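Student: If you scroll down you'll find the structure; I have some questions about it.
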Amino acid sequence: MTKKYLLLIIVCGLILNAGAREKEGKPNKEGIAIDYLNNSFGIYNKLQKQIWSTPELGFLEVNSSAALQKHLTDNGFSIEKGVAGMPTAFVATYGSGSPVIGILAEFDALGGLSQDTVPYEKVLIAGGNGHGCGHNLLGTASAAGAVAIKKWIEITGAKGTLKVFGTPAEEGGGGKVFFAQDGFFKDVDAVLDWHPASENAVSVETSLARISIIYSFHGKAAHAAANPEKGRSALDGVEAMDNMVNMLREHIVSDARIHYVITDGGGLSPNVVPAHAEVSYYVRAKNVTELFEILARVDKAADGAALGTGTTVTKKRLAGAIYPVLPNKAFGKLIQKHLEKVGGVQWDEKELAYATEIAKSTNTSSKDLEKVKTVSPYRENKFGMLKSGSSDVGDVSWNVPVGSLVTATFVPGSPGHSWQNVAAGGTSIGTKGVIVAAKVFALSAIELFTNPALLIPIRQEFDAARGEGFKYAPIVPGKAELDYRLEK
Ligand SMILES: [Zn+2]
Ligand SMILES: [Zn+2]
């Protein structure tokens, strides 16, 4: 059979199938998108594994971004690349006119999490990167959903624009902040977002705002035994600051977080008074006002430490600081409806055996593994997966209504950013979660394209939550820190 003939049969089949569904009372022909995804497991299994196999850190995701761009270009999307000052960022567009629906795609990996796809800990490359947050799946499902929606637009001739935002460096670089800063969400009506997890759920919840600051202390070098009176230790400055902040943390609101690492300890020899030392801080809080209040106190601790140790301190607030997520209940309920329609993930025997083996490493019961088959009840108004975390989806959500879900791509009981997640995410278990997310994206977007009036309550809730006169400005304006993952 020639390829052309085979294609003709498939297209006819799709049209007939869509026609049959229409008779069943589904005039929006959403079956076109669902059938495409049902028939494309192999394509997306390959694409996610390709990204999984070349795990790249934030702003360095050259291959991962290119793989997604190629798949979208091959499927008729036009691509604008290197946007918002980030070489690996892109916007893929299909269709025209309104409404404009966006989909977020992430693809960066984590350092030090290299792991094979086996159900026990096995490093592939010592010190190498790994997809411990499942962003290989995240970008893939977003592309899969987008192509499915595009097939539907193509066949139905529906009006509207679909945009995939290829957003780099979610892990610490805040790629989406620069899209927001450059106005990429201005003309977008709604944005769909998802994250890999170990359950299928819609949680309309917020997250923590986050800022990253580098404190550099400058002292005077001297022989530590012969001329100690001439030296001023920059490391003393860092230690005094850290001590004060550790006392301060008892007297801040309980859902805020402060953490630090000493990135420059001041030298290699105890007999030289360190002239330079550096400490890198994260401050997190549930809103931007509290974030700045705590930040001002941490800054004072730095100033006090410098004063007391006879050193000086410079402070650098890194661009890419992020807002807390602004939840949207109306959007969440719409997504939940479609997630329930799609249902959970069905593992075959081999996948279940693999998951059972991984579950042993976290003392998770076989009963807990059953969770992946089901859809969790709709949740709102409480801290959930992002309880003590932050995401650059936050900045998007203050510019345009964002609706999010999670699907079961990992083995229940596995911690976030773990070898267990790298392993499972690189297998067909991960791909099954991808297909669920892509189907929910497709059904949600198709409903919004078919019935744009549904965007009105979503927008109203968004406007009310932002408050009158709200004007978005990034917490720290500036350019993306493109080299933040490079060894300096
Ligand atoms: Zn992560
Ligand atoms: Zn993540």
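The values are calculated or read from the model by the stated rules, or taken from the named source; none is laboratory data. Treat the numbers as computed from the prediction; the structure is a model and nothing was measured. Methodologically, a virtual Cβ is constructed for each residue, glycine included, from the backbone with ideal geometry; neighbour enumeration extends over all protein chains shown.
Student: Cβ contacts < 6 Å: first residue part of a helix (DSSP H, G or I), restricted to segment 412-424; second residue within 13 Å of ligand 1 (Cβ to nearest atom) and among the aliphatic types (A, V, I, L, M), any location; separation 6+ or different chain. Result?
Tutor: Val422/Leu113
Student: For segment 323-349, give me each residue that is in a loop (DSSP other than H, G, I, E, B) and farther than 24 Å from Ser390 by Cα.
Tutor: Gly343, Gly344, Val345, Gln346, Trp347, Asp348
Student: Hey, among the residues in segment 386-419 that are within 14 Å of ligand 1 (Cβ to nearest atom), more than 12 Å from the chain's Cα centre (by Cα) and polar (S, T, N, Q), which one's farthest from Gly134 (Cα to Cα)?
Tutor: Ser388
Student: Here's a check for you: in segment 277-289, which residue that is under 13 Å from Pro324 (Cβ atoms) and in contact with an Asp or Glu (Cβ under 9 Å, 6 or more places away or on another chain) is modelled with the lowest pLDDT?
Tutor: Step by step, filter segment 277-289, then rank; the result is Lys286.
Student: Which of the residues that make up segment 287-296 are of a type outside the set (Ser, Thr, Tyr) and surrounded by fewer than 18 Cβ atoms within 10 Å (Cβ to Cβ)?
Tutor: Scanning segment 287-296 gives Asn287, Phe292, Glu293, Ala296.
Student: Quick one: which residue in Ile103, Ile149, Ile79 is over 18 Å from Val62 (Cα atoms), of a type in the set (A, V, I, L, M), assigned by TED's automatic domain parsing to the domain that holds Ser361 and away from ligand 2 (no atom under 16 Å from the Cβ)?
Tutor: Ile149
Student: Among the residues of segment 204-226, write down those that are surrounded by 24 or more Cβ atoms within 10 Å (Cβ to Cβ) and within 16 Å of ligand 2 (Cβ to nearest atom).
Tutor: Hits for segment 204-226 are Ser207, Leu208, Arg210.
Student: Continuing with the same structure: Before we move on, is Pro474 within 16 Å of ligand 1 (Cβ to nearest atom), surrounded by fewer than 24 Cβ atoms within 10 Å (Cβ to Cβ) and closer than 27 Å to Tyr323 by Cα?
Tutor: For Pro474, the condition - within 16 Å of ligand 1 (Cβ to nearest atom), surrounded by fewer than 24 Cβ atoms within 10 Å (Cβ to Cβ) and closer than 27 Å to Tyr323 by Cα - is not met.
Student: Scanning segment 120-174 for residues that are crowded, with 24+ Cβ neighbours inside 10 Å and over 22 Å from Phe90 (Cα atoms), which turns out nearest to ligand 1 (Cβ to nearest atom)?
Tutor: Out of the qualifying residues, it is Gly132.
Student: Checking the conditions here, which among Ser428, Ser414 is surrounded by 23 or more Cβ atoms within 10 Å (Cβ to Cβ), small (Gly, Ala, Ser) and in the same structural domain as Cys133 (by TED's automatic domain parsing)?
Tutor: Ser414
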